[in-house]
Structures are given as C-alpha cells and as structure tokens.
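Structure record follows, encoded as structure tokens.
The values are calculated or read from the model by the stated rules, or taken from the named source; none is laboratory data. Because the structure is a prediction, the values reported are computed rather than measured. Every residue, glycine among them, receives a Cβ derived from its backbone with ideal geometry; neighbour counts consider all protein chains shown.
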Amino acid sequence: MGSDQRREKQVNDELHTHDFCLALKDLVMAHHKVYPRLPPRDIFFEDLVYRAFRNVGHTDISLSTPGRSQEDMTISGIRLSVKTQTGYGTNPNRIIITKLSTTEETEWESSALIDRILRHLAEYEKILMLRAIWCDPPCFHYQLLEIPTPLLERMRDVVVEPTGRRRQKRSLTASVIVDGEKAFDVFFDATDGKCVIRNLEVSQCYMLLEWDQPVPEEWQVNWPTRTYQISGRQSRRHVADGRGGPSSSEGRQSGLYES
C-alpha cells in the first residue's frame, strides 16, 4: 500500500468512524422532532456534524468563517468540507454538488477555471455529504457518504466548452472520463459563477451509513411523491484513484419505494 493510500485509510479511520456516523444519525433524528418534514441542510447540518464529532470525543475542532471558500471545519488537523443534497427530486443514485466553489474573478476560460477548482479542492482533505431521498410512503431515505477528492481532481484532464444559448458570456461544461466511463460532469454556470458537479454516481463514493426517517402521519398532507429504488448492491472500491467504497448494511432492507 502506497503512502497516499495509507493516508486515505488513516483519515477515514480518524474521522468517519461507525460511532461518529451513529452519533450524527441520532442528531439528524433529533432535528426531525422539531422539523418533521424538513431535512437539515447547509450550516444547520454543519452544526450537527460539529456536535457529532464532539459527542464521540473529538475536542480539537475549529470552525471556519461562514461564507468563505475553504474547508468548513478542521478536526485534529484534518480539513473537512460538508455538503448536503436534500431537495425534493434528489436521485438515490446520482449526486449533484450545486456549489463546489465559486469562480470569483477567475478568467472565464477552461484552464484558469479548472486550476481555480483544483486549488480549492486542495484546501481540504475530505468531503462529507448528507443526502435525503424523498420517498413514498412518506419518509426520508438518508445517505451519509464521503465523496473522494481524488476522483473530483480528475477534472484536471478535461477542457470545458461552451454550452447553452446565451449570446454573451456562456456557461462551460465537460464530462470527466475515468476508466473509459463517464464519472461525472463539471459545469461552470455563467449566471452565478458557480462550479457545479453533476451525475456523480453514488456507487463511486464511500457509503458510511443509510437509514430511513419516517414522517409522522399528521405531516404527510401534500407530500410529494416519487418512485425510487434504493440499490442493495455494495459500492465498488477503487482504492488507487479514490473511487468506490464499502457500503453499510444498515438501512438496506428498505428496498423499493413506489409512488
């Protein structure tokens, strides 16, 4: 095992332990006692992550200034970015990161934009994401996962090209290919200057924990309906380039959700 792979395992062992995942699950469940039909998101979820680390014994934690384009917190010297995808329509198999980073005043051309995002990714070592799939009968199927930064860094090999119908400053996009298959799409939105990651397969990430959070009957009025099938297959592990990972067995019994 090379030094990078040893570092990957060490970081995983230090941060995303089973005790931490269970502590975070308990806090999400407590959140739903106050907000039965609203998943935690953004800075509210960041606070739950902070408290979960404290609850399992971490004391060396520092939070970053909200709104700054950097890591969200540092735990025992390990820099962590925290993301959520909890909106109605969240796909159980495909991840969207709506704002990996802003491009600020970066020159609007491929090499400058890609370099800007790679420098941003270098500012932290781990990306922790909570995803909420809206299911019917009314419940949230939660996925707590780690997105491998080495996989996102594979965008260094692409050239983004114009897309859309705008006549002036146009959005730019490209597909990132890994092992002959599309791993994800990178999209630079000209309207708000954000870098968006689309169509990133859940199976390429480290699944830490899955569980179902029921919605009380009195809060089920006007519940949106979707048909989703949660795959029971284990995620693939590709240690060399940071793709895939072991999947928790907890929550796998849910199987099929139908509208």
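Some points to look at:
- Of the strands (runs of 3 or more DSSP E) contained entirely in segment 161-204, those carrying at least 3 residues that are aliphatic (A, V, I, L, M), more than 17 Å from T149 (Cβ to Cβ) and touching a strand residue (DSSP E or B) at 6+ places or on another chain (Cβ under 8 Å) fall at 171-178.
- Filtering segment 156-169 to residues that are out of contact with any Phe, Trp or Tyr (no Cβ under 8 Å at 6 or more places or on another chain) and not polar (S, T, N, Q) leaves R156, D157, V158, V159, E161, P162, G164, R165, R166, R167.
- Every listed requirement among (1) surrounded by fewer than 18 Cβ atoms within 10 Å (Cβ to Cβ); (2) more than 21 Å from V82 (Cβ to Cβ); (3) modelled with pLDDT under 95 is met by C135 save one, (1).
- Strands (runs of 3 or more DSSP E) contained entirely in segment 32-131, each with at least 3 residues that are under 30 Å from K169 (Cα atoms) and among the hydroxyl-bearing types (S, T, Y): 94-102
- Residues of segment 83-97 include at least one that is within 14 Å of the chain's Cα centre (by Cα), exposed (fewer than 14 other Cβ atoms within 10 Å of the Cβ) and farther than 19 Å from P148 by Cβ.
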